[in-house]
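Just below is one structure, and these are the notes that go with it.
The values are calculated or read from the model by the stated rules, or taken from the named source; none is laboratory data. This one's a predicted model, so the numbers in the text were calculated from it and none came from an experiment. Cβ: placed from backbone, ideal geometry, glycine included. Neighbour counts: every protein chain shown. Protein only, heavy atoms only, side chains kept; ligands, DNA and RNA dropped before computing areas. Shrake-Rupley method; radii C 1.70, N 1.55, O 1.52, S 1.80 Å.
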Amino acid sequence: MNSSGVLRAKPEAAQAIDGVLDKARRHLIQPWPTVGVLGSDARTLLTRSDGIYVYDERGRALIDGPAGMWCVQIGHRRPEMAAAISRQVMSLPYYSPWYTTTGPAAELAAKIASFAPGDLECVLFTTGGSTAVDSALRFVQFYNNVLGRRQKKIILSRQNAYHGSTFLTASCCGKPRDKGFMDEASDIVRRISSPYPYRRPEGMSLDAFTDFLVEELERTILELGPDRVAAFVAEPILASGGVIVPPPGYHVRTAEICRKHDVLLISDEVVTGFGRLGHMFASESVFQITPDIITFAKGVSSGYVPLGGAVISRRLIDELKSTGNDMAMFANGYTYSSHPVACAAGLANIEIIERDGLLEHVRQIAPYFQARLQELSNLPIVGEVRGMGLMVCIECVSDRRSREPLALDQEVGRRIDAHCQELGLMVRPMGHLCVMSPPLVIERGQIDDMVGILRQGIERTQADLRREGLWQG
Ligand SMILES: Cc1ncc(COP(=O)(O)O)c(C=O)c1O
């Protein structure tokens, strides 16, 4: 190890690393590849992780800025998780959920029901967030079919939303960059405006913007016909869209419109659930709404094993039963639904969140996290720093007054990430956006380290762009 704590790779180790990267380039297709990198893509190679740090192939410690992908709530390498997973593997690693029940699945369902709002107490487990939202949407379709409302099928979603990568959930996404070359179920999905205060029309007050958004939702329902609109699917904070926090009152008012027109509200808490905003679920605790269905994933198992699900209102189940149509089958489920190992990991994860007081910790440290990151807004390339809880987005612009985004092909986020990785921090880059959502266990000193590196990474990127004539700021 040299004086800066960097492990010098031995020749054999270096060869092994090259071998892994070569196999990845030749055989591994990673998410969201462009044609240019298909079949030749090898991303940062990580070899281990601990607490809020991941380690690359050179042995360098990097702060895990995005908590993997909004998910490693309890931090990396928790022995309790290894023990719980191992115990379950050694007692019953798997059996078909079609014919059997396991203790971990029943226990975890009951646990989730105990902190879900209102009468949301019926839980189905899936393999991740996409399958959670997909199952929730298919449940809504099933519900309306059983109730004899076969024409009530349209799903409303929003620009900038992200709900997953199955055909149906991808159809509900509203990130323009992801749309170009992919097909979608455009017949049953309609998108409305993003509640994006930073990009509201020039000169419009925040109150007027909120009125516009709420009116647009109601107008869309009325134009399509309430008898045709089945559900509104919405993230409480649009996460992958760039941590877009809707204006105050937005959630309560849109929930009222949905209720008024008998449109089911699906709150997609795949990111906001399990502590990121200081509560197990944010819908009621933070935004004062009780949706009909909440979808979750990521933080439910802190990413140690794949798990997701949906918690559904008892009222909807009762309504289905009251039709007397006992043979109608909700033909949805997976080989790995209710997976006992995943559910055991979920139980252990929630136990850690509760035992270590992580929700209280987030509520306490989030104002410091937000305030420290806000300091970056004095950098000339930064248009806005926004967020809530332990979620922040730094939006870079070419000009702060016009808020014009930097051209995507400059990939400013990627450049910032590359500089930050050299300095010891993983960033989640998305075009001109950088997202930070660290493990919930992060402490003040580590936030200081993160902000210090980010500042340097952004300053270096600014200097590069100026030198290359790509930005005049
Ligand atoms: C809000 C939201 N919903 C759904 C998903 C899809 O989850 P997964 O990638 O686990 O399928 C994501 C993923 O980031 C998400 O952010």
- Total residues in the range 153-170, condition more than 12 Å from the ligand (Cβ to nearest atom) and open to solvent by less than 10 Å² (accessible area, probe 1.4 Å): 3
- Message: On the basis of being out of contact with any His (no Cβ under 8 Å at 6 or more places or on another chain), assigned to a helix (DSSP H, G or I), open to solvent by less than 40 Å² (accessible area, probe 1.4 Å) and within 23 Å of Pro439 (Cβ to Cβ), does Gly299 make the cut?
- Response: yes
- Query: Val243 fails exactly one of the following numbered conditions: (1) more than 13 Å from the ligand (Cβ to nearest atom); (2) closer than 22 Å to Val441 by Cα. What is the number of that condition?
  - Reply: (1)
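Out of Tyr334, Tyr368, which single residue is within 16 Å of the ligand (Cβ to nearest atom), among the hydroxyl-bearing types (Ser, Thr, Tyr) and at pLDDT 95 or above?
Just a single option satisfies the conditions, and that option is Tyr334.
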- Any chance the range 269-292 includes a residue that's over 16 Å from Gly118 (Cα atoms) and away from the ligand (no atom under 16 Å from the Cβ)? yes
- Query: Is at least one residue of the range 192-211 among the polar types (S, T, N, Q), in contact (Cβ under 8 Å) with a residue 40 or more places away in the chain and in a loop (DSSP other than H, G, I, E, B)?
  - Reply: yes
- Query: Restricting the search to the range 123-147, which residues are away from the ligand (no atom under 16 Å from the Cβ) and either over 23 Å from the mean Cα position of the chain (by Cα) or surrounded by fewer than 20 Cβ atoms within 10 Å (Cβ to Cβ) (or both)?
  - Reply: Gln141, Phe142, Tyr143, Asn144, Asn145, Val146, Leu147
- Given (1) open to solvent by less than 60 Å² (accessible area, probe 1.4 Å); (2) within 13 Å of the ligand (Cβ to nearest atom), number of the condition Ala185 does not satisfy: (2)
- Query: Is it the case that Val252 is more than 27 Å from Leu347 (Cβ to Cβ) and more than 13 Å from the ligand (Cβ to nearest atom)?
  - Reply: yes
- Boolean, Ile416 is closer than 30 Å to Gly275 by Cα and in contact with a Ser or Thr (Cβ under 7 Å, 6 or more places away or on another chain): yes
- Message: Looking only at the range 36-63, how many residues end up being of a type outside the set (Gly, Ala, Ser), at pLDDT below 90 and more than 23 Å from Ile442 (Cβ to Cβ)?
- Response: 6
- Any idea which residue in the range 94-122 is nearest to Ile353 (Cα to Cα), counting only those that are among the aliphatic types (A, V, I, L, M) and open to solvent by 30 Å² or more (accessible area, probe 1.4 Å)? Ala110
- Item | Matching entry among Glu360, Glu411, Glu422 (being closer than 20 Å to Ser240 by Cα and either under 23 Å from the mean Cα position of the chain (by Cα) or without any contact (Cβ under 8 Å) to a residue 40 or more places away in the chain (or both)) | Glu411
- Message: Being β-branched (Val, Ile, Thr) and more than 30 Å from Ile352 (Cβ to Cβ) is the filter here; which residues of the range 254-284 pass it?
- Response: Thr254, Ile257, Val263
- Within the range 52-72, can one find any residue that is in a loop (DSSP other than H, G, I, E, B), of a type in the set (Phe, Trp, Tyr) and open to solvent by 40 Å² or more (accessible area, probe 1.4 Å)? no
- Note on the structure: Residues of the range 319-350 being part of a helix (DSSP H, G or I) and more than 23 Å from Asp119 (Cα to Cα), in sequence order, are Pro340, Val341, Ala342, Ala344, Ala345, Ala348, Asn349
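Condition check ((1) in contact with a strand residue (DSSP E or B) (Cβ under 8 Å, 6 or more places away or on another chain); (2) among the β-branched types (Val, Ile, Thr); (3) free of Cβ contacts under 8 Å to residues at least 40 places away in the same chain) across all residues:
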{"residue": "Trp70", "(1), (2), (3)": "yes, no, no"}
{"residue": "Pro93", "(1), (2), (3)": "no, no, no"}
{"residue": "Glu107", "(1), (2), (3)": "no, no, no"}
{"residue": "Ala110", "(1), (2), (3)": "no, no, yes"}
{"residue": "Leu120", "(1), (2), (3)": "yes, no, no"}
{"residue": "Tyr143", "(1), (2), (3)": "yes, no, no"}
- Query: Among the residues of the range 171-182, how many are assigned to a loop (DSSP other than H, G, I, E, B), within 16 Å of the ligand (Cβ to nearest atom) and surrounded by fewer than 20 Cβ atoms within 10 Å (Cβ to Cβ)?
  - Reply: 2
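Residues are listed down the side, and each one gets a yes or a no for (1) surrounded by fewer than 23 Cβ atoms within 10 Å (Cβ to Cβ); (2) over 10 Å from the mean Cα position of the chain (by Cα):
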site	(1), (2)
Glu235	no, no
Ala239	no, no
Gly242	no, yes
Pro248	yes, yes
Arg253	yes, yes
Cys258	no, yes
Val271	no, no
Gly275	no, yes
His279	yes, yes
- Message: Testing Arg315 on (1) of a type outside the set (Asp, Glu); (2) part of a helix (DSSP H, G or I); (3) in contact (Cβ under 8 Å) with a residue 40 or more places away in the chain; (4) open to solvent by less than 40 Å² (accessible area, probe 1.4 Å), one condition comes back false. Which one is that?
- Response: (4)
- Task: Consider Tyr94 carefully, then state whether it is away from the ligand (no atom under 16 Å from the Cβ), over 28 Å from Gln288 (Cα atoms) and modelled with pLDDT of 95 or more.
- Result: yes
- Item | Residue pairs meeting the criteria (Cβ under 6 Å; at least 6 apart or on separate chains; first aromatic (Phe, Trp, Tyr), in the range 223-242; second more than 9 Å from the ligand (Cβ to nearest atom) and not in a loop (DSSP other than H, G, I, E, B)) | Phe232/Leu156; Phe232/Cys258; Phe232/Leu265
